[in-house]
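Chemist: For reference, the structure I am asking about is given below.
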Amino acid sequence: MTAIGFLLTLLVFAGMAQASDQPNILFIAVDDLRPELGCYGSPIAVTPNMDKLASQGLRFNRAYCQQAICGPSRASIMTGARPDTIGITHNYVKIRQLNPDILTLPQHFGAHGYDAVYLGKIFHHGDLDPASWNRQPSIDKVEPRSDTTVGGFALLENQKIKEETRKKMFAKYGAVAKLGLAMGPAYESADVPDNTYGDGFHTDVAIATMQEMVKEGEQPFFLGLGFNKPHLNWVAPKKYWDLYDREKIPMASQAEGPKDGAAVGLHPSFELRVRAGIPKIGKFSPELARTMKHAYLACVSYVDAQIGRMIEALEEAGVRDNTIIILWSDHGYHLGEMGLWCKATNYEIATRVPMMIWTPDMPSSSRGATTDALVELVDMYPTLCDLVGIDQPSHLEGTSFKPLLEDPEQKWKTAAFSQFPSPALREWGAFPIRPAMRETYFGPLLMEVEDEIKQQMGKKWDRELFENDLMGYAMRTDRYRLIAWKDTKHPEATPVFTELYDHESDPRETRNIADENPALVAKLLQRLRKGWKASGLNNN
């Protein structure tokens, strides 16, 4: 063995020895979950397990994603860097394609003596990133599912609808249909066991994997458990639908976009409209809207039950008291607010997320507390490093919020940052509209939104700019949300359009007041240009 090899071996063993006394990490990701939870004040959501975790740990009231869509948000979280830094602003690129040598969160923990393993959706679908994980899940310890789904559906009629829709879409539109034009029904209620669907089964395997790692007892674990729901399609066992009286479900009261807001900032609910049975153009009926929110809530309760099972298994294995539990969602979600459904905007409803953390040694005064500090999902990577006492890679662009566990009310950074490219003129994976997509049922929707943008922007309208180079940069301060729509080819130029919302008087962001407050806009734009590195300055 060479001297360098011997030294590396010593470092590995030293890291493992150090890690043997470190806490485990249970890293819980929930897809498309907005703060529609009892602990966040929802009057309807049945979420006893997440509510219990919040009552035991620290709940973040103002946590924000870096981009309100799955791929870029998760890439940012898992690398600890922001979308523009890693170059990932749509769903159709893998992290290593653009960042071959970047050190991901689980990869870093694996290098410091942790068993790093995941179940479900942690990175975006299709980006498994084997380099991030050093252990395989114990799927052989779980009984195979007796009831299985086909195409994500348990009911035969829905399986047939999806297959027939796919045939029609491919026959009519060709290869472009594979880009998400045939997704089957938007929802399903089936009287089946929890593990018929993926989230229940993944929880079974996660529990078995955790038990196996505890039995071995050699290393602490970093266990990622990612839930696909409440992402579309909204499929959940019937018993979770039955938790709700559909007539008592409160519906969105804000049916229109912000007055004087950016026409390019809202989309026609592309992601939902590709589902079978959903109108391809026009508004959704009140009855359908109620059913869809019911379906979303059923999925939230289904996921909540799985989280309860996982935490109970930690307790039964005797390791709950030495396991950091952090729970987060990759972005928020519109359920009719501003007249649209799904995520993919720069507004509060799409960028604000639920996040909570429990640690073995957090002060009793912080257990069950809530903090209003502005935090970001990119902060999780440095925080977890800080909590277990391992070094933070130099590329990280977040701030450890470990100090907030000691004092949740202390002064904190003054802004959180998000971004999204031209929501109105992007496919539902945030990719620029491909020409073939205009030949599908997307065509009329695009013509409609284009007319609105042209009317608002006048001579500023330029198809190349608005479809490919326009990025909305959002900055959330204690009081305001600023959204600057910038030409990415000329980032120092005056924004093409600017939005400003005052959360003190208008928390639902119903009216853009940028034109009425030019001095304030100029001040906030200056702060936005300084970026996240200056967000700790007290210049609110």
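Derivation of every value follows stated rules applied to the coordinates shown; laboratory data play no part. Note that this is a predicted model, so its numbers are computed, not measured. We place every Cβ from the backbone using ideal geometry, glycine too, and count neighbours over all the protein chains shown.
Chemist: Using the Cα centre of region 472-540 as the reference point, and only Cβ charges (+1 on K/R, -1 on D/E), how large is the resulting charge dipole? Debye, rounded to the nearest 20.
Modeler: Charge dipole of region 472-540: 380 debye, to the nearest 20.
Chemist: About the Cα centre, and with charges only on the beta carbon of Lys, Arg (+1) and Asp, Glu (-1), how big is the dipole of region 10-119? Nearest 20 debye, please.
Modeler: That gives region 10-119 a dipole magnitude of about 200 debye.
Chemist: Would you compute, from DSSP H runs of 4+ residues alone, the mean residue ellipticity of the chain at 222 nm, taking -39500 (n - 2.57) per run and dividing by the full residue count, rounded to the nearest 500?
Modeler: Estimated from H runs of four or more residues: -9500 deg cm²/dmol.
Chemist: Would you list, by chain and number, the aspartates and glutamates whose Cα falls below 13 Å from the Cα of K530, excluding same-chain residues fewer than 8 positions away?
Modeler: Correct list for K530: E492.
Chemist: Once phi is turned into ³J(HN,Hα) by the Karplus curve 6.51 cos²θ - 1.76 cosθ + 1.60 with θ = phi - 60°, what whole-Hz value does each residue of region 186-193 show in order, with x for glycine and proline?
Modeler: These are the phi-based 3J(HN,Hα) values: 7, 8, 7, 10, 10, 7, 9, x Hz.
Chemist: Mind checking which of G265, V235, A313 is farthest towards the positive end of the chain's charge dipole, using Cβ charges of +1 (Lys, Arg) and -1 (Asp, Glu) about the Cα centre?
Modeler: G265
Chemist: For region 373-379, just list the computed ³J(HN,Hα) in residue order, Karplus coefficients 6.51, -1.76 and 1.60, θ = phi - 60°, integers in Hz, with x standing in for Gly and Pro.
Modeler: Per-residue couplings from phi come out as 4, 6, 10, 10, 5, 5, 6 Hz.
Chemist: Something else about it: Over 29 Å between Cα atoms: which of K229/K280; K121/K239; K94/K238; K168/K460 fall into that group?
Modeler: The answer is K94/K238; K168/K460.
Chemist: Considering amide H positions built from the backbone, and no H for Pro or chain starts, which residues 5 or more places from G120, or on another chain, come under 5 Å of its amide H?
Modeler: Here G226 satisfy the definition.
Chemist: Ranking request for peptides 523-532, 275-284: highest mean number of other beta-carbon atoms within 10 Å first, then the rest in descending order.
Modeler: 523-532, 275-284
Chemist: Mind checking the dipole of the chain: about its Cα centre, +1 per Lys or Arg Cβ, -1 per Asp or Glu Cβ, Debye to the nearest 20?
Modeler: Roughly 1300 debye, rounded to the nearest 20.
Chemist: Taking every DSSP beta bridge with both residues inside the chain, roughly what % is antiparallel (nearest 5)?
Modeler: Roughly 50 percent of the DSSP beta bridges within the chain come out antiparallel.
Chemist: Of the peptides 125-134, 330-339, how do they stack up when ordered by the mean number of other Cβ atoms within 10 Å, highest first?
Modeler: 330-339, 125-134
Chemist: Sum up the charges of everything whose Cβ sits under 13 Å from the Cβ of L425, counting Lys and Arg as +1 and Asp and Glu as -1, but leave L425 out.
Modeler: With Lys, Arg at +1 and Asp, Glu at -1, the net is -4.
Chemist: Convert each backbone phi in region 449-460 into a coupling constant with the Karplus relation 6.51 cos²θ - 1.76 cosθ + 1.60 (shift: θ = phi - 60°), then list the ³J(HN,Hα) values in order as whole Hz, x for Gly and Pro.
Modeler: Couplings: 6, 4, 4, 5, 5, 4, 4, 6, 8, x, 5, 6 Hz.
Chemist: Which residues' amide hydrogens lie under 5 Å from the amide hydrogen of A236, considering only partners 5 or more residues apart or on another chain, with H built in the peptide plane?
Modeler: E188, A190
Chemist: Dipole of the chain (Lys/Arg Cβ +1, Asp/Glu Cβ -1, origin at the Cα centre): which of Q56, I249, M437 lies farthest to the positive side?
Modeler: Final value for the positive-end residue is M437.
Chemist: While we're here: Across region 439-540, what fraction of all alpha-carbon pairs, as a whole percent, falls in each successive 10 Å bin from zero upward?
Modeler: Here the calculated profile for region 439-540 is 13, 39, 32, 13, 2, 0.
Chemist: For region 78-212, how big is the tail of P(r) above 23 Å, as a whole percent of Cα pairs?
Modeler: In whole percent, the long-distance tail amounts to 54.
Chemist: Let me ask you something else. Among S422, I28, I95, pick out the residue whose Cα is farthest towards the positive end of the charge dipole of the chain, where Lys and Arg carry +1 and Asp and Glu carry -1 on C-beta, about the Cα centre.
Modeler: About the Cα centre, the residue reaching furthest to the positive side is S422.
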